[in-house]
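**Q** I have a structure I would like to understand better, so I am pasting it below and will then ask my questions one at a time.
Throughout, read-outs are computed from the coordinates displayed, never taken from laboratory work. What you are looking at is a predicted structure, and each value in this text was computed from that prediction instead of being measured. Cβ: placed from backbone, ideal geometry, glycine included. Neighbour counts: every protein chain shown.
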Amino acid sequence: MSITFNVLDHEMVPEHSIMNEEEVKSLLETYRITIEQLPKIFHDDPAVRAIKAKPGNVIKIIRSSHTAGRAESYRLVIKRPKK
Amino acid sequence: MPSPKRIGKIEFGLFSPKEIRKMSVRKIIWADTYDEDGFPYPQGLMDLNLGVIDPGLRCKTCDQRAADCPGHFGHIELAKPVIHVGYTRLIRKLLRVTCRSCSRLLLSTDEIEKAVIAEDEGTGTDTLSEKDIKKEQICPHCGEQQYKINFEKPTTFSEVWMEDGKKMEHRLTPADIRARLEKIPDEDLRALGINPLVARPEWTVLTVLPVPPVTMRPSIILENGQRSEDDLTHKLVDIIRINQRFKENQDAGAPQLIIEDLWELLQYHVTTYLDNEVAGCPPARHRSGRPLKTLSQRLKGKDGRFRGSLSGKRVNFSARTVISPDPNISVVEVGVPLAVANEMTVPIRVTTMNLEEARQYVLNGPERPTVNSPCGANYVIRPDNRRIRLSEANLQTVAEMLEPGWVVERQLRDGDIVLFNRQPSLHRMSIMAHRTKLMDGRTFRLNPAVCPPYNADFDGDEMNLHVPQTEEAKAEAQILLAVQENILSPRFGGPIIGGIHDHVSGIFLLTHGLRWFRKEDVMYLVQHHRISSLPPPGKVEDGVPFWSNKQVFSLILPRELNMVFHASSCQNCVECKREGCERDAYVRIQDGQLVSGTIDKKAVGAFDGQILHRTIRQHGMRRTAEFIDDMTRLAIRSIMLDGFSFGIDDEDLSKTEYGQIREMLESAANDVRMRIKIFEEGALEPMPGRTEEETLEMQIMQVMGKARDRTGEIAGRHLGLENSAVVMAVSGARGSMLNLTQMAGCIGQQSVRGERIMRGYDERTLPHFRKGDRGAEAHGFIKNSYKSGLSPTEFFFHAIGGREGLVDTAVRTSQSGYLQRRMINALQDLKVAYDGTVRTTGGRIIQFLYGEDGTDPAKSSYGDPVDVKGIVESVLKGER
């Protein structure tokens with residue numbers, strides 16, 4: 001069985017994409033934050049795995065929202081801490 | 001000011017016996033506290049080196065007086081080691097993972113390394129756990145056969161092994177355990193996640209016990225002059241006594257049995273000293289039988305040090321009393337009893353501008369005789385911050401001394417801004433700012449229209465009142481917390497303050513259908529409103545002018561209001577007859593004139609008052625607050641015009657209806673019997689995915705439900721709008737037609753978890769029925785009404801069904817309360833920054849735009865960003 005399901009194809013999963021360094025830099029500048037102050041997402045999150053993001057990457061998530069139409073969010077990929 | 005510093009790390013460790021001795025200022029050996037003269041015994045539990053609590057004495061350690069001495073620790077040398085109850089789990093874990101002979105980890109060096117490598121791949125854990133060690137094995141270091149460690153609450157450890165097929169058990173003394181823990185090498189501890197520099201495991205077994213300073217266990221002197229010691233002191237006395245006896249016995253070479261008993265007793269006392277609520281250990285009690293409050297109990301729980309003392313604050317300038325309703329005051333007001341107003345004060349800073357005014361407050365003094373008298377003052381504060389209490393004796397002198405720079409604490413008077421609160425404070429509308437209005441009596445008075453946000457009623461509820469003390473606090477209260485600013489709930493974007501109960505019934509009675517009032521009646525209705533002129537009369541008959549009920553209501557509507565909606569009484573007909581609606585449920589307001597329709601809960605009620613919602617958006621909060629005041633007053637006047645009451649005979653039906661109901665229930669029972677017969681013959685066609693029995697049950701439930709509804713219809717035919725309960729149900733004021741059905745018609749099927757009542761005896765619910773009876777009345781169908789009264793079996797079923805509801809509410813409230821607490825603890829420090837992001841205090845971003853859309857839910861229209869319907873209606877003015 002080599003059929004793997006790509007979670008990004010599901011209609012309920014919002015669009016994820018890895019941001020390049022310049023984008024990250026300008027993002028951090030707009031909000032005047034350090035990279036550590038971004039919301040986090042674990043490296044083994046199914047969507048993160050699907051776009052092959054590595055810890056340290058910043059990913060951009062675009063959701064469709066009932067009230068706002070389109071909502072952008074950014075997350076820093078981190079390693080899942082051990083229990 | 002020093003800049004705030006970031007905390008790098010926090011280290012948690014154990015006290016070593018060495019450290020305990022080092023910080024101790026005195027070795028405590030005597031169990032006594034004070035001698036006959038009331039002087040502390042040297043080396044006793046109240047030793048002067050441990051700090052002083054009696055005024056006049058000086059601490060022997062720091063030479064300070066009682067108020068300044070922080071207290072100092074002492075120590076007790078225990079005769080034998082005892083286990084610290086707080087660390088039994090750690091001890092158990094360590095004993096299980098280390099060798100019983102060499103105390104090394106029961107893993108070879110390779111195996112430890114393997115676990116560490118696995119960690120880098122993200123599959124392992126950063127420390128070893130009990131699970132990593134295989135059971136029943138031989139030590140890889142010294143080859144010793146390992147035994148199972150048994151732990152018995154609270155503090156007993158033993159080894160268990162099999163010998164010749166027999167189970168052998170050997171108890172480990174705390175000394176044995178301590179010896180084992182001592183031998184565990186530092187590297188092995190690091191692998192287990194323990195830093196041996198701050199927490200050697202053997203320190204969990206106490207050899208020396210710190211004695212807390214007397215300042216944290218002060219003795220109190222009772223009225224009869226007797227000293228009463230703190231619970232901790234009592235417990236320490238016990239420990240020292242046993243410790244002393246233990247030592248003596250040990251020195252005298254007492255038999256092993258006695259030593260063991262004493263050891264266990266010492267362990268018990270130390271355990272309860274640390275925690276008096278340990279499982280498997282009877283709590284130590286006071287002479288009166290009350291369990292002692294020892295160390296752990298001081299910290300734990302709601303009234304503990306953390307939740308009770310550190311996060312729980314108490315305030316001044318607050319009052320609490322019973323609340324009662326007053327529909328004649330504004331929703332933004334609160335009635336304050338004179339007794340409260342005389343006690344509560346507002347600070348007034350004296351300037352050259354208000355010197356005379358302030359002087360008058362002082363001259364009026366602290367006793368205000370009536371509600372209408374001018375307010376006085378209770379205290380003045382001099383520029384050097386000295387407080388002077390005002391009394392009849394010093395009024396004159398203080399008034400003369402008064403000059404700019406002083407502060408006069410003036411009593412509360414009409415129009416002061418205060419915060420009003422009812423617990424539980426579940427949302428922000430639980431605390432709102434009101435304007436005071438002094439009143440006679442002893443209760444806080446509030447307009448019933450503000451009951452919904454507080455969730456208040458008047459069955460004995462109490463509420464709190466706080467008086468803001470600074471100009472900033474007053475401004476903040478006025479701008480953010482005022483009642484009119486909180487009419488819209490951020491929960492659903494609609495009004496939460498509005499008409500309830502009688503307001504809704506009253507306004508329904510006033511506006512339903514078409515009625516004509518003579519001038520006297522119109523005047524009676526609007527006498528308390530600020531209305532300067534009446535519109536032209538709607539009709540003139542024989543020279544007598546008449547105004548319609550809709551005209552009267554329109555008097556209080558904002559002039560430019562235009563809207564169209566359906567009232568609560570709307571039946572959602574397929575084809576709306578609009579103005580021709582026979583229920584008068586099509587509400588149309590044009591240019592502030594009610595053209596058609598009945599005003600009820602949908603229009604002015606709390607939670608879904610459409611008129612309120614629209615006026616807030618088009619005319620602002622203040623106008624809406626005025627409208628609510630006008631509306632509640634008008635509603636109360638109109639309900640009083642005709643009177644409104646409900647009695648037992650309002651549930652009466654005529655003979656025909658009773659006959660029809662009886663027939664109806666009869667046929668339903670027959671239907672059920674027939675279905676049971678079909679089932680018993682095995683001819684029942686089961687529904688997909690259900691057994692025959694389930695199908696039968698569902699059918700019966702359906703039949704009985706329909707039967708109850710039919711009785712409601714029959715009763716409803718008889719009861720019209722002349723019935724008060726129908727008025728309340730139709731207008732949405734209180735109750736429903738179902739309630740009325742149950743009162744007049746038939747109570748219906750009682751259920752537990754959505755099924756007919758099945759529990760009880762063997763194959764039957766009650767001994768009144770035959771075994772296996774599936775009939776309606778054997779499983780909780782009540783054919784009587786509340787009016788006609790229940791039969792004994794019916795009564796019993798009703799109690800069963802009623803209990804379920806009670807349990808559900810009890811469980812729900814406790815669960816949601818805890819959920820709320822956790823939510824608040826998690827979210828309390830988040831704030832919306834100026835750039836619209838939601839951040840923690842550390843600047844970490846939680847949301848990039850508040851709520852993804854950056855909108856204030858209180859300013860949205862029931863969740864939508866723009867109230868399209870409202871704009872369209874005000875442009876079209878109700879035309880289509």
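**Q** Any chance you could check the Cα centroid distance between segment B:686-735 and segment B:22-92 for me, in angstrom?
**A** Segment B:686-735 and segment B:22-92 have Cα centres spaced 74 Å from each other.
**Q** Between B:LEU876 and B:ARG662, what is the label-point separation in nm under the 7 Å Cα-to-beta-carbon projection?
**A** It works out to 5.5 nm between the two label points.
**Q** For B:LEU172, what residues show an amide H to amide H distance below 5 Å, using hydrogens built from the backbone and excluding near sequence neighbours?
**A** B:PHE157, B:SER158, B:GLU159
**Q** Could you list which residues have their amide H under 5 Å from that of B:MET46, counting only those 5 or more apart in sequence or on another chain, with H placed in the peptide plane?
**A** Amide H neighbours of B:MET46, under 5 Å, 5+ apart: B:TYR41.
**Q** Please order B:LEU612, B:LEU232, A:LEU8 by the number of other Cβ within 10 Å, starting at the fewest. Walk me through the numbers before you get to the answer.
**A** Details: B:LEU612 27, B:LEU232 20, A:LEU8 14.
Ranked by crowding around the Cβ, least crowded first: A:LEU8, B:LEU232, B:LEU612.
**Q** Also: Pick out, from B:PHE796, B:SER654, B:THR61, the residue whose Cα sits farthest towards the positive end of the charge dipole of the protein assembly as shown, with +1 on the Cβ of Lys and Arg and -1 on the Cβ of Asp and Glu.
**A** B:THR61
**Q** Compute the distance in nm between two label points, each set 7 Å from the Cα along the Cα-to-Cβ direction, one at A:ILE62 and one at B:LYS9.
**A** So the label points at A:ILE62 and B:LYS9 sit 4.4 nm apart.
**Q** Scale the Cα Rg of the protein assembly as shown by the rule-of-thumb value 2.2 N^0.38 Å and send over the ratio, two decimals.
**A** On the way: Rg = 38.5 Å, N = 963, 2.2 N^0.38 = 29.9 Å.
For the protein assembly as shown, the normalised Cα radius of gyration comes out at 1.29.
**Q** For the charge dipole of segment B:438-525, defined by +1 on Lys and Arg C-beta atoms and -1 on Asp and Glu C-beta atoms about the Cα centroid, which residue among B:MET463, B:ALA482, B:HIS512 has the Cα displaced farthest towards the positive pole?
**A** B:HIS512
**Q** Using Cβ contacts closer than 10 Å as the measure, can you line up B:GLU248, B:GLU202, B:GLU722 from fewest to most? Let's see the in-between values first.
**A** Values: B:GLU248 12, B:GLU202 20, B:GLU722 8.
Placing the least packed residue first, the sequence is B:GLU722, B:GLU248, B:GLU202.
**Q** With the contact rule set at Cα under 8 Å and sequence spacing of 6 or more, what percent relative contact order holds for chain B?
**A** Details: 1421 pairs, mean separation 69.6, N = 880.
It rounds to 8 percent for chain B.
**Q** Another one. Between B:CYS142 and A:ARG80, what is the label-point separation in nm under the 7 Å Cα-to-beta-carbon projection?
**A** 4.0
**Q** Once Rh is set to the Kirkwood radius over Cα pairs, what Stokes-Einstein translational diffusion coefficient, in µm²/s, holds for segment B:265-321 at a temperature of 20 °C and a viscosity of 1.002 mPa s? Don't skip to the end; give the middle numbers.
**A** Working: Rh = 13.3 Å.
For the chosen part, D equals 161 µm²/s.
**Q** Rounded to the nearest Å, what's the spacing between the alpha carbon centres of segment B:784-801 and segment A:44-77? Just the number, please.
**A** 59
**Q** Follow-up question, since we're still on this one. In nm, what is the difference between 0.36 nm times the number of residues separating B:ALA339 and B:LEU738 and their Cα-Cα distance?
**A** Values: separation 399, 0.36 × 399 = 143.64 nm, distance 4.60 nm.
So the extension gain works out to 139.0 nm.
**Q** A further question on this structure: As I understand it, the dipole of segment B:666-775 uses +1 on the Cβ of Lys and Arg and -1 on the Cβ of Asp and Glu, about the Cα centre. Which of B:ALA707, B:GLY775, B:ALA725 lies farthest toward its positive end?
**A** B:ALA725
**Q** For segment B:502-642, what are the per-bin percents of Cα-Cα distances with bins 10 Å wide, up to the bin holding the maximum?
**A** Result, from short to long distances: 12, 44, 35, 8, 0 percent.
**Q** Still on this structure, please answer the following. If R₀ is 30 angstrom, what is the calculated FRET efficiency for the pair B:GLU582 and B:ASP649, using the beta carbon separation as r and rounding to 0.05? Let's see the in-between values first.
**A** On the way: r = 27 Å, r/R0 = 0.91.
Computed FRET efficiency for B:GLU582 and B:ASP649 comes out at 0.65.
**Q** Placing +1 at every Lys and Arg Cβ and -1 at every Asp and Glu Cβ, with all other atoms neutral, what dipole size does the protein assembly as shown have around its Cα centre, in debye to the nearest 20?
**A** Working: 131 positive and 131 negative charges, 273 e Å.
With only Lys, Arg, Asp and Glu charged at Cβ, the dipole is about 1320 debye.
**Q** Mind checking B:848-857 for the average number of partner chain beta-carbons within 10 Å of each residue's beta-carbon? Please list the in-between numbers first.
**A** Working: counts 9, 5, 0, 4, 10, 7, 3, 2, 0, 1.
Shielding by partners across B:848-857 averages 4.
**Q** Normalising by the residue count of segment B:648-807, find the relative contact order in percent from Cα pairs under 8 Å and 6+ residues apart.
**A** Values: 184 pairs, mean separation 36.1, N = 160.
Result for segment B:648-807 is 23 percent.
**Q** While we're looking at this one, here's another question. What aspartates and glutamates does A:LYS52 reach when the alpha-carbon gap must be under 14 Å and sequence neighbours fewer than 8 apart in one chain are set aside?
**A** A:GLU15, A:ASP44
**Q** Which chymotrypsin sites (Phe, Trp or Tyr not before Pro) in segment B:797-880 sit in a loop by DSSP (not H, G, I, E or B) and have at most 10 other Cβ atoms within 10 Å of their own Cβ? Kindly include the intermediate steps, with their values, before the conclusion.
**A** Details: sites: B:PHE797, B:TYR818, B:TYR834, B:PHE848, B:TYR850, B:TYR862; in loops: B:TYR834, B:PHE848, B:TYR862.
Here the chymotrypsin sites (Phe, Trp or Tyr not before Pro) that fit, given the DSSP loop and packing criteria, are B:TYR834.
**Q** Hey, another quick one. Kindly provide the chymotrypsin sites (Phe, Trp or Tyr not before Pro) of segment B:731-789 that DSSP labels as loop, not H, G, I, E or B, and whose Cβ sees at most 12 other Cβ atoms within 10 Å. List each step's numbers first, then the result.
**A** Working: sites: B:TYR761, B:PHE769, B:PHE781, B:TYR786; in loops: B:PHE769, B:TYR786.
In loop regions of segment B:731-789 (DSSP not H, G, I, E or B), there are no sparsely surrounded chymotrypsin sites (Phe, Trp or Tyr not before Pro).
**Q** Can you give me the convex hull volume of the Cα atoms of segment B:219-312, divided per residue and expressed in Å³?
**A** On the way: hull volume 12.1 nm³, N = 94.
Per-residue hull volume (Cα only) is 129 Å³.
**Q** Say R0 is 22 Å: what FRET efficiency, to the nearest 0.05, do B:GLN469 and B:LEU426 get from their beta-carbon distance? Display every interim value, and only then the final one.
**A** Working: r = 26 Å, r/R0 = 1.19.
Working from the Cβ atoms, E equals 0.25.
**Q** I've got another one for you. Compute the length gained on full extension between B:GLU403 and B:MET674: take 0.36 nm times their separation in residues and subtract their Cα-Cα distance, giving the result in nm to one decimal. Numbers along the way, then the final one.
**A** Details: separation 271, 0.36 × 271 = 97.56 nm, distance 9.54 nm.
The B:GLU403-B:MET674 span can extend by a further 88.0 nm.
**Q** While we're on this one: Check cross-link reach from B:LYS313 to the lysines: straight Cα distance under 18 Å, and skip same-chain residues fewer than eight apart.
**A** B:LYS300, B:LYS302
**Q** Let me spell out the model: positive unit charges on the Cβ of Lys and Arg, negative unit charges on the Cβ of Asp and Glu, origin at the Cα centre of segment B:174-267. What dipole size does that give, in debye rounded to 20?
**A** Numbers: 11 positive and 16 negative charges, 38 e Å.
So the dipole magnitude of segment B:174-267 works out to roughly 180 debye.
**Q** Taking the number of other C-beta atoms within 10 Å as the exposure measure, put B:LYS783, B:LYS655, B:LYS293, B:LYS148 in order starting with the fewest. If you can, show how the numbers build up before the last one.
**A** Numbers: B:LYS783 25, B:LYS655 7, B:LYS293 17, B:LYS148 13.
If I rank by nearby Cβ atoms, fewest first, I get B:LYS655, B:LYS148, B:LYS293, B:LYS783.
**Q** Follow-up. Expressed in whole Å with the largest first, what are the equivalent ellipsoid semi-axes of segment A:13-78 derived from the C-alpha gyration tensor as the square root of 5 times each eigenvalue? Display every interim value, and only then the final one.
**A** Numbers: eigenvalues 64, 57, 19 Å².
Equivalent ellipsoid of segment A:13-78: 18, 17, 10 Å, largest first.
**Q** Sort out for me the Cα centre separation of segment B:815-880 from segment B:736-757, rounded to whole Å.
**A** When both Cα centres are located, 40 Å separates them.
**Q** What aspartates and glutamates does B:LYS877 reach when the alpha-carbon gap must be under 12 Å and sequence neighbours fewer than 8 apart in one chain are set aside?
**A** B:GLU560, B:ASP591
**Q** I've got another one for you. To the nearest 20 debye, what charge dipole does chain B have about its Cα centre, counting +1 at the Cβ of each Lys and Arg and -1 at the Cβ of each Asp and Glu?
**A** 1000
**Q** With contacts defined as alpha carbon pairs under 8 Å and 6 or more residues apart, what's the relative contact order of chain A in percent? Before the final figure, lay out the partial values.
**A** Working: 113 pairs, mean separation 27.8, N = 83.
Computed over chain A, the figure is 33 percent.
**Q** Please list 3J(HN,Hα) in residue order for segment B:330-346, calculated via the Karplus relation 6.51 cos²θ - 1.76 cosθ + 1.60 where θ = phi - 60°; whole Hz, with x for glycine and proline.
**A** So the Karplus estimates, Gly and Pro as x, are 6, 5, 7, 9, 9, x, 10, x, 4, 4, 6, 4, 6, 8, 8, 10, 10 Hz.
**Q** Another question about this same structure. Scan around B:TYR379 for amide H atoms under 5 Å from its own, H built in the peptide plane at 1.01 Å from N, and keep only partners 5 or more places away or cross-chain.
**A** Under 5 Å from the amide H of B:TYR379 lie the amide H atoms of B:LEU390, B:GLU409, each far enough along the sequence or on another chain.
**Q** Peptides B:385-392, B:556-563: what's the order by average Cβ count within 10 Å, highest mean first?
**A** Working: B:385-392: 12.1, B:556-563: 17.9.
The packing order, highest mean first, is B:556-563, B:385-392.
**Q** Can you list the HN-Hα couplings for segment B:138-145, worked out from phi with the Karplus curve (6.51, -1.76, 1.60; θ = phi - 60°), rounded to whole Hz and with x for Gly and Pro?
**A** Using θ = phi - 60°, the values come out as 10, 4, x, 9, 10, x, 7, 6 Hz.
**Q** OK, next. Using a Förster distance of 35 Å, how high is the FRET efficiency between B:ILE29 and B:GLU182, based on the Cβ-Cβ distance and rounded to 0.05?
**A** Values: r = 26 Å, r/R0 = 0.76.
After rounding, the FRET efficiency stands at 0.85.
**Q** Report the full-extension gain for the segment B:GLU264 to B:CYS573: residue separation times 0.36 nm, less the Cα-Cα distance, to one decimal in nm. Spell out each step's value before the answer.
**A** Numbers: separation 309, 0.36 × 309 = 111.24 nm, distance 8.12 nm.
Once the chain is fully extended between B:GLU264 and B:CYS573, it gains 103.1 nm.
**Q** Right, another one. If you consider only alpha-carbon coordinates, what radius of gyration and Dmax does chain B have, in Å?
**A** Radius of gyration, then largest Cα-Cα span, for chain B: 38.6, 121 Å.
**Q** When the Karplus curve 6.51 cos²θ - 1.76 cosθ + 1.60 is applied with θ = phi - 60°, which whole-Hz ³J(HN,Hα) does each residue of segment B:47-53 get, with x for Gly and Pro?
**A** 2, 5, 6, 7, x, 10, 10
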